[in-house]
Amino acid sequence: MPADTTGAEQAQHDELRRIGCWARGLDALHARIAPRFRRPEVRARARRYLAGLLGRAERKNGWQLAEEAGERHPRGVQRLLDAAQWDADAVRDDLRAYVVEHLGDPGAVLVVDETGFLKKGTKSVGVQRQYSGTAGRRENCQVAVFLCYAAPRGRAFLDRALYLPKSWAEDGPRRAEAGVPATVRFATKPQLAKAMLARAFAAGVPAAWVAGDTVYGADGRFRHWLETAGRAYVLAVPRTHRVWLPDGRAAAAKAMVAQLPAAAWARLAAGEGAQGPRWYDWAVVPLLGADPPGPAARAPWLLARRSVSDPTEVAYYRASGPAGTPLAALARAAGSRWAVEVGFEQAKGEVGLDQYEVRRWEAWHRHITLALLAHAYLEVTRLAADAGGKGGAPTPCSR
């Protein structure tokens, strides 16, 4: 800019540059997924849909996304989700590749977690009265399991799976009305998480740990699958969870931790929170089942996290990983689960993850996939701006 440029002119220039960077970045992202859409009008519609999800519409439903695109009715938006020919799973794979390209790190944590989508009526696929962590109680809702990538540079989602309750899985007419594929059968939330993790492992997603809440930690078959696959994990378990010490003694997690001396606890940060480091007291107890000593030896632990302000508030984890893993590394892996909560809040609040108005199986997966792609783009762009274009994969704004 010229030397005599005013502050207002500089601000306007900077704003135009940001808008140009944003548009070029979105064009590049759209170019990645464009081959998934055979027809040019559908391809263009997908670009407008992503722009709408990233836009300023108060709600990201069909009517408001259509208005954002300058259209008088939402039929085009609805057709993209309901009837157009394109493969949401192929776009999901593009999403995963995009996240790894920009955030990939061998020390990352793969976090599995579920969230609820409150709904009215009984027609939306998978909806029923069931527990929703979003509401903190049983509500009429859909529930889905997600795989989040928590890396040192940032966080984004890799995969998604709609939970189909047994009442739905066993109801042929209801399935047909909602377009549930014949190949889809009832699967528990840990089974859905296993399928998503298997896809990530097969794609070579770099990660050091798997983390999750008690839904996954309390499932012995899920833990065994991870151990057999040679994957390290830190998974929450209830206080009643039974564990075995190397000497053969068994006790509930709460009772085992209650016997620990004061010297067994160490104050460590579980990562950065909204107001700085999240400090807790941590302790670890070796469990029965460690491999014989060697370079590839693995070990199981019971991990405990105690509140600094309220010592009676204790969380428990089953962990498995390389023998000799320091307590600080276990604490960081456990603390990474917080990333998925932040991710849900951002994706719902910023790109309309939960603001869809679709009822059928395919339409749900299409909206959710595009919303996760928009969220990933927002995270990558935000990180590039915060870093001034340094320390990450290049983006249009960092050149």
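The values are calculated or read from the model by the stated rules, or taken from the named source; none is laboratory data. Please read all numbers here as calculations on a predicted model, not as lab measurements. Backbone-built Cβ (ideal geometry, glycine too); neighbour counts: all protein chains shown.
Considered as a group, the residues in the range 34-75 that are among the basic types (K, R) and over 23 Å from V91 (Cα atoms) include one that is farthest from the chain's Cα centre (by Cα), and that residue is R72. Restricted to the range 322-353, and to residues there that are surrounded by 21 or more Cβ atoms within 10 Å (Cβ to Cβ), not aliphatic (A, V, I, L, M) and not in a helix (DSSP H, G or I), the residue that is farthest from the chain's Cα centre (by Cα) is G352.
In the range 104-111, the condition of being acidic (D, E), within 22 Å of the chain's Cα centre (by Cα) and either under 17 Å from R360 (Cβ atoms) or outside any loop (DSSP other than H, G, I, E, B) (or both) is met by no residue. Here Y317 clears all of (1) part of a loop (DSSP other than H, G, I, E, B); (2) surrounded by 17 or more Cβ atoms within 10 Å (Cβ to Cβ) except the condition numbered (1). Tell me, yes or no, whether the range 230-241 has at least one residue that is without any contact (Cβ under 8 Å) to a residue 60 or more places away in the chain and hydrophobic (A, V, I, L, M, F, W, C). Within the range 230-241, not a single residue is without any contact (Cβ under 8 Å) to a residue 60 or more places away in the chain and hydrophobic (A, V, I, L, M, F, W, C).
Pairs meeting the criteria (first residue in the range 196-207 and closer than 14 Å to V109 by Cβ, second residue of a type in the set (D, E, K, R) and in a helix (DSSP H, G or I), beta carbons under 9 Å, at least 6 apart or on different chains) are A200/R96; V205/R96; V205/R199. Within the range 264-290, the set of residues being surrounded by 11 or more Cβ atoms within 10 Å (Cβ to Cβ), out of contact with any Asp or Glu (no Cβ under 6 Å at 6 or more places or on another chain) and part of a loop (DSSP other than H, G, I, E, B) comprises L287, L288, G289, A290.
As for the range 291-298, it holds no residue that is free of Cβ contacts under 8 Å to residues at least 40 places away in the same chain and part of a helix (DSSP H, G or I). Every test in (1) in contact with a His (Cβ under 9 Å, 6 or more places away or on another chain); (2) assigned to a strand (DSSP E or B) is passed by L81 save one, and that test is (2).
Looking across the range 180-227 at every residue that is under 17 Å from the mean Cα position of the chain (by Cα) and polar (S, T, N, Q), the one that is nearest to S167 (Cα to Cα) is identified as Q191. Of the residues T240, T183, the single one that is in the same structural domain as S307 (by TED's automatic domain parsing), among the hydroxyl-bearing types (S, T, Y), out of contact with any Leu (no Cβ under 8 Å at 6 or more places or on another chain) and exposed (fewer than 13 other Cβ atoms within 10 Å of the Cβ) is T240. Only one of the numbered conditions (1) closer than 22 Å to R366 by Cβ; (2) touching a strand residue (DSSP E or B) at 6+ places or on another chain (Cβ under 8 Å); (3) without any contact (Cβ under 8 Å) to a residue 60 or more places away in the chain is not met by R75, and that is (2).
The residue pairs whose first member lies in the range 303-328 and is on the phi < 0 side of the Ramachandran plot, whose second member is hydroxyl-bearing (S, T, Y), and whose beta carbons are closer than 6 Å, counting only pairs six or more residues apart or on different chains, are L303/Y317; A304/Y316; R305/Y280; E313/S307; S320/Y233. When the range 18-73 is limited to residues that are in a loop (DSSP other than H, G, I, E, B) and in contact with a Leu (Cβ under 7 Å, 6 or more places away or on another chain), the one that is farthest from V99 (Cα to Cα) turns out to be A57.
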